[in-house]
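Shown next, in structure tokens, is the structure this report addresses.
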Amino acid sequence: MNTPDKVFMERAIELARTAASEDEVPVGAVIVDPATNEIVAEGYNSPIRDHDPTAHAEIMALRAAAVSRENYRLMGLDLYVTLEPCTMCAGAIAQARIRRVVFGAEDPKGGAVINGVRFFDQPTCHWHPVVEHGPMNDTCSDILKSFFRERRKSADQTGKTSPSQSE
């Protein structure tokens, strides 16, 4: 992994940890202009806080980048995210015309890039970003596993299920 990719994935991991500290599923996303290595926008999961089922890390970052660029098309920009995007996020990434998607942890259940519907491989997908999987995969996976392990432990002790367990 090249140095800028490592730096941007580390930032996405920091954002994932912020989400976890707010009892949200720990996923973080960073959108970068590769021409300048400038972070254009960031986001982390916040559907519980925002009462918004679409408030995934990628969507939050895409919204912020579109406002920053004053354009819903984000051509030439790269997205770093700690977890494989779901179908909703993959659709938004294609609509935004993101150049490259770099994700850490694979999501066999909810992912839609290399798992599930493989959104970008579909003939009906009008934009096909370059996809790279695996940078800091172990760290990204460990954050998620730890988060859900703690939720299960807490639920076992109290007999209650936290809102984030159903995701």
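The values are calculated or read from the model by the stated rules, or taken from the named source; none is laboratory data. Small disclaimer: the values here were computed from a predicted structure and weren't measured. Positions of Cβ are generated from backbone atoms using ideal geometry, with glycine treated the same way; all protein chains shown enter the neighbour counts. Side chains included, ligands, DNA and RNA excluded: accessible areas come from the protein's heavy atoms. Shrake-Rupley method; radii C 1.70, N 1.55, O 1.52, S 1.80 Å.
Some observations on this one:
- Taking the stretch 77-167 and the strands (runs of 3 or more DSSP E) fully enclosed by it, the elements with 1 or more residues that are modelled with pLDDT under 95 are at 130-133.
- Considering residues of the stretch 75-91 that are aliphatic (A, V, I, L, M) and under 8 Å from the mean Cα position of the chain (by Cα) only, the residue nearest to Val32 (Cα to Cα): Val81
- Being touching a residue at least 12 places away in the same chain (Cβ under 8 Å) and open to solvent by less than 30 Å² (accessible area, probe 1.4 Å) is a condition met by no residue of the stretch 148-159.
- Among residues of the stretch 1-26 that are small (Gly, Ala, Ser), those with a Cβ under 6 angstrom from a residue that is assigned to a helix (DSSP H, G or I), sequence gap 6+ or separate chain, pair up as Ala16/Ile143; Ala20/Phe147.
- In the stretch 2-47, residue surrounded by the fewest Cβ atoms within 10 Å (Cβ to Cβ) [restricted to those that are hydroxyl-bearing (Ser, Thr, Tyr) and modelled with pLDDT of 95 or more]: Thr36
- Figure legend. Inter-residue proximity from the stretch 53-70: first residues closer than 15 Å to Thr82 by Cα, second residues open to solvent by 40 Å² or more (accessible area, probe 1.4 Å) and not basic (Lys, Arg), beta-carbon distance below 6 Å, spacing 6+ or different chains. Indicated pairs: Ala57/Tyr44; Ala61/Glu42.
- Hey, Gly91 in contact with a Leu (Cβ under 8 Å, 6 or more places away or on another chain), closer than 21 Å to Ala12 by Cα and free of Cβ contacts under 8 Å to residues at least 60 places away in the same chain or not: no
- If you check Ala65, Ala55 for being more than 17 Å from Arg99 (Cα to Cα), open to solvent by less than 10 Å² (accessible area, probe 1.4 Å) and of a type in the set (A, V, I, L, M), only one passes: Ala55.
- All positions within the stretch 1-48 that are closer than 21 Å to Glu132 by Cβ and among the charged types (D, E, K, R): Asp5, Lys6, Glu10, Arg11, Glu14, Asp33, Glu38, Glu42
- None of Asp107, Asp78 is among the charged types (D, E, K, R) and crowded, with 22+ Cβ neighbours inside 10 Å except Asp78.
- Residue match in the stretch 117-135 (condition: touching a Pro at 6+ places or on another chain (Cβ under 9 Å), without any contact (Cβ under 8 Å) to a residue 60 or more places away in the chain and of a type outside the set (Asp, Glu)): yes
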